[in-house]
Amino acid sequence: MDESIDKSTLNQQEETKIDKDSSSIEEVSSTQGESKPVSNKPIIAGVLLIVAGILGLSTWGLLLFGIQAINTTVIQTLQEQGLNVTVEQISMMLNICATLGIIFSIFPLIGGVTSLQRKRWGFSILGGVLGLFTIGPMFLASILSLVGLILAAVSKQDYK
């Protein structure tokens, strides 16, 4: 019996101590100024940047692995217009563009993750800016990156 009374007394003392600690934290924060409500803008920006990064990676990845689909009609059309190009030259150019597109698509993913964590505002902004160059299907990735960039920029105070 005495042990159960002692345990309940200890629990009550700990709760009182925790209450005192939390009230002191609230007093400190209230003396430093009013706390602003945290908005969901960084979360929305993070989701948009991640979707933009995935769209960019899928678009450029499909192009990179689908380069073998270049047929001779494309080459003939270019040669009829006066351009003297070969299949190797076109595939080399598409390889370079696809590689750059994949590299640019990684940054919105990183920016989106940091935005979801509400950390490193600069990485979120960098991800949004470089996400503008991902293009994606019908410029959708660039548009999503732009919206994510704007949301991250206006919610700087919500980041740690």
Worksheet item: Can you name the condition, by its number, that MET138 falls short on among (1) out of contact with any helix residue (DSSP H, G or I) (no Cβ under 8 Å at 6 or more places or on another chain); (2) not in a helix (DSSP H, G or I)?
Response: (2)
Practice prompt. For SER39, work out the one condition from (1) part of a helix (DSSP H, G or I); (2) of a type in the set (Gly, Ala, Ser); (3) modelled with pLDDT of 85 or more it doesn't fulfil.
Written response: (1)
Practice prompt. Consider ALA52 carefully, then state whether it is touching a residue at least 24 places away in the same chain (Cβ under 8 Å) and farther than 29 Å from VAL38 by Cα.
Written response: no
Fill in: Complete set of residues in region 88-139 that are surrounded by 14 or more Cβ atoms within 10 Å (Cβ to Cβ), of a type outside the set (Val, Ile, Thr), within 25 Å of VAL74 (Cβ to Cβ) and in contact (Cβ under 8 Å) with a residue 60 or more places away in the chain
GLY136
Worksheet entry | Filter pass, ILE110 being assigned to a helix (DSSP H, G or I) and touching a Leu at 6+ places or on another chain (Cβ under 9 Å) | yes
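The values are calculated or read from the model by the stated rules, or taken from the named source; none is laboratory data. Small disclaimer: the values here were computed from a predicted structure and weren't measured. Cβ sites come from the backbone with ideal geometry, for glycine too, and all protein chains shown count toward neighbours.
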